[in-house]
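Right, one structure below, let's go through it.
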Amino acid sequence: MKSNLITSAGYKKLQEELNYLWRDKRPKITAIVSWAASLGDRSENGDYTFNKRVLREIDRRVRYLRKRLEDLKVIDYSPQQDGKVFFGATVEIENEAGEIISFKIVGPDEIYNTKDFISIDSPMARAMIKKEVDDEFFVQTPTGNKEWFINKIDYV
C-alpha cells in the first residue's frame, strides 16, 4: 500500500497537473471532439474516436488527482530532522565496492519521471530511516543482503 506522504514541492506539482488538465487541456480536447462530432458519421471519424479516448484518459487522471490530493499529507522539513535520515532527505550512500548513489526520499506520487528520487515505501528508504552519517545499513535484495554506508544527509 502506498504512503500518503508528499513533499510540498510534490503536492504543488500534482496541483499544477490537475489545473493544467482541467483548465487547459480538457477544454481544448472537448472542442475538438465537438467539432469532430458535428461532421457526421462518428464510427469512421478518426478525430472523434481518438480525441474521445484522450478525453476519457484526461477525465480518469483528473478523478484520480482530485481524490489523491485530498488523501495526501504534506510533510515539511523540521530542524529536528538534522543529522538523521527522514522523509525529504537527500542522501548519499556508498557500498563496499565504492559505488556511490545519491537520491531524495519522497512520497510514491513523486518518483515518476525522475531518477534521483526514491519512494519512502522502498526497502532502501525504509532501511535508512533514523540512520546518521557513517552508519551502515542492510537492504534485503533478491540476491541477498547488501551493505551500504551513509556518506551525507542534506535537507534542501
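The values are calculated or read from the model by the stated rules, or taken from the named source; none is laboratory data. Keep in mind it's a predicted model, so treat the numbers as computed, not measured. Every residue, glycine as well, gets a Cβ built from its backbone with ideal geometry; the counts of neighbours run over all protein chains shown. Keep in mind that these areas ignore ligands, DNA and RNA; they rest on the heavy atoms of the full protein, side chains included. Shrake-Rupley method; radii C 1.70, N 1.55, O 1.52, S 1.80 Å.
Of note:
- Some residue of segment 138-156 being in a loop (DSSP other than H, G, I, E, B), surrounded by 12 or more Cβ atoms within 10 Å (Cβ to Cβ) and among the aromatic types (Phe, Trp, Tyr): yes
- Any hit, segment 119-137, residues being surrounded by 16 or more Cβ atoms within 10 Å (Cβ to Cβ) and under 21 Å from Gln15 (Cα atoms): yes
- Segment 102-118, subset without any contact (Cβ under 8 Å) to a residue 60 or more places away in the chain and within 17 Å of Ser8 (Cβ to Cβ), residue surrounded by the fewest Cβ atoms within 10 Å (Cβ to Cβ): Thr114
- In segment 110-137, of all residues being hydrophobic (A, V, I, L, M, F, W, C) and in contact with a Lys or Arg (Cβ under 7 Å, 6 or more places away or on another chain), the one that is farthest from Thr7 (Cα to Cα) corresponds to Phe137.
- Segment 19-37 residues that are more than 12 Å from Lys52 (Cα to Cα), paired with ones that are in a helix (DSSP H, G or I) and open to solvent by 50 Å² or more (accessible area, probe 1.4 Å) (beta carbon under 8 Å, 6 or more apart): Leu21/Arg61
- Within segment 83-101, the presence of at least one residue that is open to solvent by 40 Å² or more (accessible area, probe 1.4 Å), under 15 Å from Ala9 (Cα atoms) and within 22 Å of the chain's Cα centre (by Cα) is confirmed.
- The residues of segment 119-135 that are free of Cβ contacts under 8 Å to residues at least 40 places away in the same chain and in a loop (DSSP other than H, G, I, E, B), listed by number, are Ser122, Asp134, Asp135.
- Arg26 meets all of the listed conditions (1) among the basic types (Lys, Arg); (2) surrounded by fewer than 13 Cβ atoms within 10 Å (Cβ to Cβ); (3) over 30 Å from Ile129 (Cβ atoms) but one, namely (2).
- Residue in segment 32-40 that is open to solvent by 60 Å² or more (accessible area, probe 1.4 Å), among the small types (Gly, Ala, Ser) and in a helix (DSSP H, G or I) present: yes
- A Cβ distance below 7 Å, combined with a sequence gap of six or more or placement on separate chains, defines the contacts here; from segment 56-67, residues that are part of a helix (DSSP H, G or I) reach residues that are open to solvent by 90 Å² or more (accessible area, probe 1.4 Å) in the pairs Val62/Trp22.
- Every residue from segment 69-82 that is in a helix (DSSP H, G or I) and either modelled with pLDDT of 95 or more or open to solvent by 70 Å² or more (accessible area, probe 1.4 Å) (or both): Leu69, Glu70, Asp71, Pro79, Gln80
- Members of segment 32-67 found to be out of contact with any Lys or Arg (no Cβ under 6 Å at 6 or more places or on another chain) and of a type in the set (A, V, I, L, M), listed by number: Ile32, Ala36, Ala37, Leu39, Val54, Leu55, Val62, Leu65
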